[in-house]
């Protein structure tokens, strides 16, 4: 389990020099007894000198209230560097030592950080204050994700996928063999995982049953994140790859022919993602659709380095732990309508669940054969223009609905085309019902 030598040669040369120096120090007795060489999260890349796991954990350097879009970079030395969405360092969290890797936020916005080298998971509250460790019994934990019910799943190199309740009580193990990074599907049972091989596997954590692989033919699968459309982004060593819902590679991302792409997470805007390379310890933000580089490079360690960046999290990041299938319907009356007559549109937005939908918005556009004259909604507020309107509906509970009534005056003979779309913050399992179109004949 190593990345291609031709793609990591410069990193290995640097790391080998460090490792050789450490060996010399050990042989001469120059190392203090409270020091050790911690294993790197990537096979073939030597470890680095850090404090022993027996060293008392260090507290967070300073309190900082997380903001949506903040990027958390897990780096060597037991640290997490916190940057704002523009890439400006805000604070550094620290607890213990060694390599930190995967991270996730619980429903209370607390941050959980896997300490790969120390077999522990550190926690920080939403203001960055260090808390008690979460759970126990890990063997090189590399990733963590939360289910909708608050349970946590931890991917371990040494003992598979371990499940804990919100209090950190161990509930059981699924796939009791090597697992690196993981992500849980919206069905709350299908776990996608990598082993730093060339495939993405799947396992049913509800029944502890192996499933068919999702994708193959990749380079080296490191971090992975599911997309709302059933596809996936994979930090693939040589690049970042986007897979469609069948597991086929449909797009790749890179900048400057960088290798060592390892860390990855989704931005809250739903249209971009962040990824980082341990080859240069820098991270970047890309547009998912276009592949354009939006932000970066941002140096995670504050100075030119390599072999230290092994995880990214984004506050407010999109996960599959909560999902809401929004749908919208539209009807018009009368149809046909005479020139100068009034068309009444009735729009119903429904949340089919399974979770509540938050920050639901509606956008509507109409062709020039008519002009809007009025609007009303049973929830939220709307802004009306001559040929379009937008509504902020707020939250819609599972099974709930909101009705919008809009009126328009027919201005000229022809066909009035009116299209409405809706969306919310949560992943939507069926985007095919998020829009509706009505055509009204004027004559």
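FYI, it's all coordinate maths here, none of it is from the lab. Because the structure is a prediction, the values reported are computed rather than measured. FYI the Cβ positions are ideal-geometry reconstructions off the backbone, even for glycines, and counts take in every protein chain you see.
Which whole-number percentage describes the relative contact order of the chain, with Cα contacts under 8 Å and a sequence gap of 6 or more? It would help to have the intermediate numbers written out before the result.
Values: 1284 pairs, mean separation 46.2, N = 443.
So the answer I get is 10 percent.
In nanometres, what is the gap between the two model label sites at residue 166 and residue 149, each 7 Å from Cα along Cα-to-Cβ?
The answer from the label model is 1.3 nm.
Could you work out the relative contact order of region 168-321? I mean the mean sequence separation of Cα pairs under 8 Å and 6+ apart, divided by the number of residues, in percent.
Details: 376 pairs, mean separation 22.9, N = 154.
Across region 168-321, relative contact order equals 15 percent.
Using the Kirkwood radius built from alpha carbon pairs, what does the Stokes-Einstein equation give as D for region 187-235 at 37 °C and 0.692 mPa s, in µm² per second?
295
Between 0 and 90 degrees, rounded to the nearest ten: what's the tilt of helix 5-27 against the longest Cα principal axis of the chain?
Tilt of helix 5-27: around 40 degrees.
Using every pair of alpha-carbon atoms in the chain, split the distances into 20 Å bins beginning at 0 and state the percent of pairs per bin, rounded to integers.
All Cα pairs, binned at 20 Å, distribute as 24, 49, 21, 6, 0 percent.
Ratio of alpha-carbon Rg to the 2.2 N^0.38 Å globular estimate for region 324-442, to two decimals, please. Don't skip to the end; give the middle numbers.
Numbers: Rg = 14.3 Å, N = 119, 2.2 N^0.38 = 13.5 Å.
Expressed relative to 2.2 N^0.38 Å, the Cα Rg reads 1.06.
Within 10 Å, count the other beta carbons around each residue, average over each peptide in 300-306, 262-268, and list them highest first.
Numbers: 300-306: 16.1, 262-268: 23.4.
Packing proxy ranking, top to bottom: 262-268, 300-306.
Please compute the modelled spin-label separation between residue 342 and residue 365, points set 7 Å along Cα→Cβ, answer in nm with one decimal.
Reported label-point gap for residue 365 and residue 342 is 2.8 nm.
To two decimal places, what compactness ratio does region 129-262 give when its Cα radius of gyration is scaled by 2.2 N^0.38 Å? Write out the running numbers ahead of the final one.
On the way: Rg = 15.0 Å, N = 134, 2.2 N^0.38 = 14.1 Å.
The value comes to 1.06.
Can you give the Kirkwood hydrodynamic radius of region 277-363 from its Cα pairs, in Å with one decimal?
Working: mean 1/r = 0.0552 Å⁻¹.
For region 277-363, the Kirkwood estimate is 18.1 Å.
Per q in 0.08, 0.11 Å⁻¹, report the Debye log10 I(q)/I(0) for region 51-314, using one uniform scatterer on each alpha carbon and no solvent.
Here log10 of I(q) over I(0) equals -0.27, -0.53.
Take the Cβ-Cβ distance between residue 413 and residue 290 as r, set R0 to 45 Å, and report the resulting FRET efficiency rounded to the nearest 0.05.
Working: r = 40 Å, r/R0 = 0.89.
About 0.65, to the nearest 0.05.
When you count, for each residue, the other Cβ atoms within 10 Å and take the mean per peptide, how do 312-320, 339-347, 115-123, 351-359 rank with the highest first?
On the way: 312-320: 21.7, 339-347: 17.0, 115-123: 23.7, 351-359: 18.7.
Descending packing order for the listed peptides: 115-123, 312-320, 351-359, 339-347.
In terms of the Cα gyration tensor, with a ≥ b ≥ c the square roots of its eigenvalues, is region 188-325 rounded because a/c is under 1.5, prolate because a/b exceeds b/c, or oblate? The partial results should precede the final answer.
Numbers: a/c = 1.74, a/b = 1.49, b/c = 1.17.
Prolate, since a/c reaches 1.5 and a/b exceeds b/c.
Could you give the nm distance between label points at residue 257 and residue 177, where each point is 7 Å from its Cα heading toward the beta carbon?
If labels sit at residue 257 and residue 177, their model points lie 3.8 nm apart.
Starting with the highest mean, order 140-152, 395-407, 244-256 by the number of other Cβ atoms within 10 Å, averaged over the residues of each peptide. Kindly include the intermediate steps, with their values, before the conclusion.
Details: 140-152: 20.8, 395-407: 16.9, 244-256: 14.8.
Descending packing order for the listed peptides: 140-152, 395-407, 244-256.
If R₀ is 25 angstrom, what is the calculated FRET efficiency for the pair residue 246 and residue 198, using the beta carbon separation as r and rounding to 0.05?
Details: r = 17 Å, r/R0 = 0.68.
E(calc), rounded to 0.05, equals 0.90.
Under the rule of -39500 (n - 2.57) per DSSP H run of 4 or more residues, summed and divided by the residues of the chain, what mean residue ellipticity at 222 nm is obtained, to the nearest 500 deg cm²/dmol?
Working: 1 runs with 23 residues, N = 443.
After summing the helix terms and dividing by the residues of the chain, the value is -2000 deg cm²/dmol.
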